[in-house]
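The values are calculated or read from the model by the stated rules, or taken from the named source; none is laboratory data. These numbers were taken from a predicted model, which means no experiment stands behind them. Virtual Cβ from ideal backbone geometry, glycine too; neighbours counted across all protein chains shown.
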Amino acid sequence: MTSHAHPRSLARVAVDAAALSELYTAPEILRVVNVWDAVSTRVVSELPGTRAIATAGHGIAAAHGYPDGERIPLDLMIAALERIVAATDLPVTADLDGGFADAGETVRRAIAVGVCGANIEDRMRPLRESVDVMEAAVHAGDSEDVRFVLNARTDALLKAGDRPRGEALAEAITRGRAYVGAGAQCVFVPGVLTGDEAGALVAGIGLRKVSVIGLPGALTAAEYEALGVARISYGPMPQNVALTALKRLGTSLLADGVIPDDTEKLNNF
């Protein structure tokens, strides 16, 4: 995979955005294995099934020593995204948390370093305010002649509290439809979804307009695909798995173990 010495041109980002948009609308579900730095990007990019790169905001923050939730300085997040873009030739969609107080400006800065799409959270702000955030992100892309691929996230299920599940699903659909109306390509509804729930979201928001996360207990990608889901991602879980492997290796080495014979050299740039 070729590394780029300079940020991608706006024309190239526009091409990437068109390619990413087609991946969302294709009959096959878009599988993205979330990355958090240049070397994880390189490893995932070289897998035959990878069509696009998606970052995990939690993972990038953790790699720099910050908790999740926009605690990492925006300058540092943008710099990390620039390195990730430079490590791949594939379209890159970024987790931009809640937009870092100014979704439009944050998207413009992401586009400037080569990012062509993003997740932005509604954080269960009032609906009108949330729609404004999503519109600002889309309009920022338009101002750069990039049809920015927004995967608008609603936390209607994650933050449902004691509300009946059906009410939370109904709100996710209401918000999702509003975000699609604001120009979002897709709506990310995190949480472990049953087949019936995923089907209800697709019926309410639109075919290949729903994005899910593959947490323990969730359906397989193929099962979600059959229901008309557009995308499945894995959030911080790939980093968690990698760190679990590091922890186990470290435990073994500190107990006088050896490096396994089947270890690959994956970090050569």
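Within the range 140-184, being of a type in the set (Phe, Trp, Tyr) and part of a loop (DSSP other than H, G, I, E, B) holds for one residue alone: Phe148.
Per the listing Ala118, Ala137, Ala110, the residue uniquely within 18 Å of Gln185 (Cα to Cα), touching a Gly at 6+ places or on another chain (Cβ under 8 Å), of a type outside the set (Val, Ile, Thr) and modelled with pLDDT of 95 or more is Ala137. Across the range 107-139, which residue is farthest from Ile84 (Cα to Cα) among those that are touching a residue at least 24 places away in the same chain (Cβ under 8 Å), of a type in the set (Lys, Arg) and outside any loop (DSSP other than H, G, I, E, B)? Per the stated criteria, the residue is Arg108. Just to be sure, is Val241 at negative phi, in a loop (DSSP other than H, G, I, E, B) and either within 15 Å of the chain's Cα centre (by Cα) or of a type in the set (Val, Ile, Thr) (or both)? No: the conditions fail for Val241.
Condition check ((1) more than 17 Å from the chain's Cα centre (by Cα); (2) of a type in the set (Asp, Glu)) across all residues:
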{"position": "Gly204", "(1), (2)": "yes, no"}
{"position": "Glu225", "(1), (2)": "yes, yes"}
{"position": "Pro236", "(1), (2)": "no, no"}
{"position": "Leu253", "(1), (2)": "yes, no"}
{"position": "Val258", "(1), (2)": "yes, no"}
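The set of residues from the range 157-212 being in contact (Cβ under 8 Å) with a residue 60 or more places away in the chain, out of contact with any Phe, Trp or Tyr (no Cβ under 6 Å at 6 or more places or on another chain) and not hydrophobic (A, V, I, L, M, F, W, C) comprises just one member, Arg208.
Would the range 100-107 turn up any residue that is small (Gly, Ala, Ser) and in contact with a His (Cβ under 7 Å, 6 or more places away or on another chain)? Yes, that holds for at least one residue.
One line per residue, one yes/no per condition, for (1) farther than 25 Å from Ile111 by Cα; (2) of a type in the set (Val, Ile, Thr):
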residue: Ile173; (1), (2): yes, yes
residue: Gly176; (1), (2): no, no
residue: Ala184; (1), (2): no, no
residue: Leu219; (1), (2): yes, no
residue: Lys247; (1), (2): yes, no
residue: Gly250; (1), (2): yes, no
residue: Leu254; (1), (2): yes, no
residue: Pro260; (1), (2): yes, no
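Buried (at least 18 other Cβ atoms within 10 Å of the Cβ), of a type in the set (Ser, Thr, Tyr) and touching a strand residue (DSSP E or B) at 6+ places or on another chain (Cβ under 7 Å): is that true of Thr88 in this structure? Against the criterion (buried (at least 18 other Cβ atoms within 10 Å of the Cβ), of a type in the set (Ser, Thr, Tyr) and touching a strand residue (DSSP E or B) at 6+ places or on another chain (Cβ under 7 Å)), Thr88 qualifies.
In the condition set (1) farther than 19 Å from Leu169 by Cβ; (2) in a loop (DSSP other than H, G, I, E, B); (3) under 21 Å from the mean Cα position of the chain (by Cα), Leu219 is compliant with all but (1). Going by what's in this entry, would Ala19 be described as in contact with a Pro (Cβ under 6 Å, 6 or more places away or on another chain), modelled with pLDDT of 95 or more and either aromatic (Phe, Trp, Tyr) or surrounded by fewer than 20 Cβ atoms within 10 Å (Cβ to Cβ) (or both)? So Ala19 fits the description; yes.
Residues that are closer than 20 Å to Arg125 by Cα and among the hydroxyl-bearing types (Ser, Thr, Tyr) were ranked within the range 163-210; the one that is surrounded by the most Cβ atoms within 10 Å (Cβ to Cβ) is Tyr179.
Might you let me know whether the range 29-39 holds any residue that is within 17 Å of the chain's Cα centre (by Cα) and either in a helix (DSSP H, G or I) or of a type in the set (S, T, N, Q) (or both)? There is at least one residue in the range 29-39 that is within 17 Å of the chain's Cα centre (by Cα) and either in a helix (DSSP H, G or I) or of a type in the set (S, T, N, Q) (or both).
When Thr106, Thr154 are checked against the criterion of being hydroxyl-bearing (Ser, Thr, Tyr), touching a helix residue (DSSP H, G or I) at 6+ places or on another chain (Cβ under 8 Å) and under 25 Å from Glu28 (Cβ atoms), a single residue qualifies: Thr154.
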